[in-house]
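One structure is given here, and the rest of the page talks about it.
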Amino acid sequence: MTEPASFLVDPADVPGLRGVLSKLAGAGYSESLVGKRLGLEDLADLQWRLVSIYRSQYLAGRDPLALAIDLFLLQGTLPAHELNRLFARSERAVLIRAGLLAIDEAGFARARASLYPVGDRLIFSDHAWPELPHPGYASVPYDQVMGVGLDSRHLARCTTRRPFRTALDLCTGSGIHALLASTHAHQVFAIDINPRAARCTRFNAQASGIANLEVAVGDLFEAVRGQCFDLITANPPFVPSPLNTLRFRDGGHSGEDIQKRIVAGLPHHLAPGGLAQIVTELGERDQQPLVHRLREWLNGAPMDIHILRVAEHTAVKYAIGHAKGNEFQSFLDSIEQWAGNLRAQGYVRVVSLIISFEWSSGTPWERMEESPPPRRAAGAEIDAAFLAERMIRHVDCEQALRHSRLTRAGPIALLNARVLGSDLCAKTKATLMGQALTIEHRLDSLEREVLDRMDEGTAVADLVKIFGDLDVDEPAVLAAARSLLGRRLVRITNSAS
């Protein structure tokens, strides 16, 4: 018997499908509770190699939450008596007709799609591990819809959640970023070249009761030609791959085939005052800053760029991580295939990035910061980075600083590194605590001294006088204060006058 196509639901079944999701949510199927149940600090840390441990150690008590996690997240199989405890007959029937559940002749049930908790929202997509117990992508269909993985969660956490009039999500896949944007944008458009991905997004919108989301099949901006948007998000295919087997993953030999077209289209589709955010990986060459590539793709458009580096992989480790092979020699051959492609591109490492773009109000600038991947919402902190950078670049900033009071932005951890037996100066790194982004800022000796001497509401004029007595001139003190302000380690409390 032919199984029904997945991600299709009859309008008459929509209320029943929503009821199933409500029931799962009521059982605790959310990002935080599922992660806690599996012993994970962050659900993004979920690994297929540990599935048997999750199942035996954390899901041994077969309550409804354990059964739902096993079925819809760990891609397990439930016997009939467990499935009956999880879903009523009518609920099972809805899931079967929607192509989400299959039951074999012996009564064992398996999910035909995974259900990913993202915050308190539930999103269907294809399985993250297509070939358990030995997942890989050797026989995965070209139109596979990407599951909600690390990159999806990183972009979701870094996206600014302030109100927008219009939002556009490119390479939408399951629709995760469009669905999230629908809560704070008046109108959302989701685009994917893969018809099956567009179908999955529509399905998720129906299941969640979202009415302000429009989905289209198309090649990037072609489907919205001539339109501009206040928020643009994208999780494009970016893997520098020697293959072309997965539409959602492979970005050509360089990894740049899709993402450079997205960046090139931003000047034509990002509205004034708008924000574009992309999660990606870029191959890095020695002595060639990544921002030069982004500026080239923008073709001179005056945009400010914030680059957040969340991970770094040597070319060798990256090749090993993507290699596949059922036998030892075929695995070695696959490693060489991937490593050879990276060598041909000149890549010595591959870095994972969240890149944010806004129209510049003056001379375009760029800032690159490093942080471990955020484990909670960090969009406000990226917004703050743009505001701080523009503040310190304003023509009146220095004059305003002279009449201001500054205070530390919060508790700051300092890490001092000194090389024993050397004349090298001690290095200081400062990290503002309590933030979603754990950014280490390198401080020179004067910046460190200024930060040390800053009490609650310290007047910049007093700092100038203190350091003047130590033979440090006013411009140097103002430059140090300006630098600390730009890195959000200090903030202006009020005017000192």
**OP:** Identify, by number, the condition in (1) farther than 30 Å from Tyr318 by Cβ; (2) touching a helix residue (DSSP H, G or I) at 6+ places or on another chain (Cβ under 8 Å); (3) touching a residue at least 60 places away in the same chain (Cβ under 8 Å); (4) open to solvent by less than 10 Å² (accessible area, probe 1.4 Å) that Gly283 doesn't meet.
**Re:** (1)
Original post:
Restricting attention to the range 1-58, and to residues there that are in contact with a strand residue (DSSP E or B) (Cβ under 8 Å, 6 or more places away or on another chain) and of a type in the set (Ser, Thr, Tyr), which single residue is least open to solvent (accessible area, probe 1.4 Å)?
Top reply: Tyr29
Original post:
From the set of residues in the range 64-85 that are open to solvent by 10 Å² or more (accessible area, probe 1.4 Å) and over 32 Å from the mean Cα position of the chain (by Cα), which is nearest to Val9 (Cα to Cα)?
Top reply: Asn84
Subject >> Breaking point among (1) part of a loop (DSSP other than H, G, I, E, B); (2) farther than 27 Å from Ile176 by Cα, for Asn84 >> reply: (1)
Subject >> Those residues of the range 329-365 which are of a type in the set (Asp, Glu) and at pLDDT below 95, in sequence order >> reply: Asp333, Glu336
Subject >> strands (runs of 3 or more DSSP E) within the range 136-233 that include 1 or more residues at negative phi and open to solvent by less than 20 Å² (accessible area, probe 1.4 Å) >> reply: 164-170, 185-192
**OP:** Determine which single condition Pro236 fails, assuming it passes every other condition in (1) part of a loop (DSSP other than H, G, I, E, B); (2) farther than 26 Å from Phe386 by Cα.
**Re:** (2)
Subject >> the range 473-497, residues that are among the aliphatic types (A, V, I, L, M) and either in contact with a Leu (Cβ under 7 Å, 6 or more places away or on another chain) or open to solvent by less than 30 Å² (accessible area, probe 1.4 Å) (or both) >> reply: Ala476, Val477, Leu478, Ala480, Ala481, Leu484, Leu485, Leu489, Val490, Ile492
**OP:** Go through (1) within 28 Å of the chain's Cα centre (by Cα); (2) part of a loop (DSSP other than H, G, I, E, B) and name the single condition Gly61 misses.
**Re:** (1)
Original post:
Would you say Arg453 is open to solvent by 80 Å² or more (accessible area, probe 1.4 Å) and at pLDDT 90 or above?
Top reply: no
Original post:
Would it be correct to say that Glu389 is farther than 16 Å from Ser483 by Cα and surrounded by 15 or more Cβ atoms within 10 Å (Cβ to Cβ)?
Top reply: no
Original post:
Looking at (1) in a strand (DSSP E or B); (2) modelled with pLDDT of 90 or more; (3) in contact with a Lys or Arg (Cβ under 8 Å, 6 or more places away or on another chain); (4) closer than 23 Å to Glu312 by Cβ, which is the only condition Leu415 fails?
Top reply: (2)
**OP:** Can you work out which of the residues in the range 239-279 that are assigned to a loop (DSSP other than H, G, I, E, B), of a type outside the set (Gly, Ala, Ser) and more than 19 Å from Ile320 (Cβ to Cβ) is least open to solvent (accessible area, probe 1.4 Å)?
**Re:** Glu256
Subject >> Filtered residues of the range 312-370 (kept if within 30 Å of Ala384 (Cα to Cα), open to solvent by 20 Å² or more (accessible area, probe 1.4 Å) and in a strand (DSSP E or B)) >> reply: Glu312, His313, Arg349, Trp359, Glu366, Arg367, Met368, Glu370
**OP:** Return only the number of the condition from (1) open to solvent by 40 Å² or more (accessible area, probe 1.4 Å); (2) under 24 Å from Pro374 (Cβ atoms) that Ile305 does not satisfy.
**Re:** (1)
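The values are calculated or read from the model by the stated rules, or taken from the named source; none is laboratory data. These figures come from a predicted structure and were not determined experimentally. Cβ sites come from the backbone with ideal geometry, for glycine too, and all protein chains shown count toward neighbours. Remember, those area values only see protein heavy atoms, side chains included, never the ligands or the DNA or RNA. Shrake-Rupley method; radii C 1.70, N 1.55, O 1.52, S 1.80 Å.
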